[in-house]
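What follows is one structure encoded as structure tokens, with my remarks underneath.
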Amino acid sequence: QVQLVESGGGLVQAGESLTLSCAASNLKFSLYVMGWYRQAPGKERELVARITSGGSLDYADAVRGRFTISRDHARNMIYLQMNSLKPDDTAIYYCNAVRTAAAHDPNLGSWGQGTQVTVSS
């Protein structure tokens, strides 16, 4: 069973930076599209960023230019560097792993437990 463990969330002020990490295990990392999603109170879970095994990137419009997703194949890790954080970025951030063939639907993959990011104004 794929396991994903997020870390790095916390409370920051607007304009500051934060880096999230996700450790993946029990999977052949190169076969998976890895992504970060977030869910704010009262809202649906939404894509933040995702990265394919080959390094292709996809960002939500709200974070493009401020956030950077990366993956380390040697360590089975992905990261989300978040700069210029805004109060609207406040949410629980989830790591997702889905096989490339099923990448059209992240719910066909696995989710981490989430990490809280709170941005104060």
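The values are calculated or read from the model by the stated rules, or taken from the named source; none is laboratory data. Only a predicted model underlies this, so the values are computations on that prediction, with no experimental measurement involved. Here the Cβ is made from the backbone with ideal geometry for all residues, glycine too, and neighbour counts use every protein chain on show. Remember, those area values only see protein heavy atoms, side chains included, never the ligands or the DNA or RNA. Shrake-Rupley method; radii C 1.70, N 1.55, O 1.52, S 1.80 Å.
From Cα pairs below 8 angstrom and at least 6 apart in sequence, can you work out the relative contact order of region 72-121, rounded to a whole percent? It would help to have the intermediate numbers written out before the result.
Numbers: 54 pairs, mean separation 20.7, N = 50.
Relative contact order for region 72-121 comes out at 41 percent.
For Cα pairs less than 8 Å apart in space and 6+ apart in sequence, what is the mean separation divided by the residue count of the chain, i.e. the relative contact order in percent?
Details: 293 pairs, mean separation 42.9, N = 121.
RCO, the chain: 35 percent.
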accessible surface per residue for the chain, probe 1.4 Å, DNA/RNA/ligands not counted, whole Å² -> 52 Å²
The distance between the Cα centres of region 83-116 and region 1-72, in whole Å, is 5 Å
Karplus ³J(HN,Hα) for region 72-80 (6.51 cos²θ - 1.76 cosθ + 1.60, θ = phi - 60°; Hz, whole; x = Gly/Pro) runs 10, 5, 6, 10, 6, 10, 10, 9, 9
For region 56-62, Karplus-derived ³J(HN,Hα) couplings (6.51, -1.76, 1.60; θ = phi - 60°; whole Hz; x for glycine and proline) come out as 5, 10, 9, 10, 5, 4, 5
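Report the convex hull volume per residue for the chain, counting only C-alpha atoms, in Å³.
Numbers: hull volume 11.4 nm³, N = 121.
It comes to 95 Å³ per residue, whole-number rounded.
For Trp36, Trp111, write out the residues from largest to smallest accessible area, computed with a 1.4 angstrom probe and no ligands counted.
Working: Trp36 0, Trp111 70 Å².
Highest to lowest solvent-accessible surface, that is Trp111, Trp36.
Order the peptides 11-19, 93-101 from the highest to the lowest mean number of other Cβ atoms within 10 Å of their residues.
Details: 11-19: 13.7, 93-101: 19.9.
The densest-packed peptide leads the list: 93-101, 11-19.
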For region 51-115, the accessible surface attributable to carbon and sulfur atoms (probe 1.4 angstrom, ligands and nucleic acids excluded) amounts in percent to 49 percent
When the chain is treated as a Gaussian network with springs between alpha carbons less than 10 Å apart, the largest mean-square fluctuation among Ala103, Ala74, Ala91 is found at Ala74
Log10 I(q)/I(0) at q = 0.18, 0.22, 0.26 Å⁻¹ for region 51-118, from Debye over equal alpha-carbon scatterers, is -0.81, -1.19, -1.45
Once the dipole of the chain is set up from charges on Cβ (+1 Lys and Arg, -1 Asp and Glu), the residue from the list Ala101, Leu85, Val117 lying farthest towards its positive end is Ala101
Scalar couplings 3J(HN,Hα) for region 94-110 by Karplus 6.51 cos²θ - 1.76 cosθ + 1.60 (θ = phi - 60°), nearest whole Hz, x for Gly and Pro, are 10, 8, 9, 10, 9, 4, 3, 5, 10, 5, 5, 9, x, 6, 7, x, 10
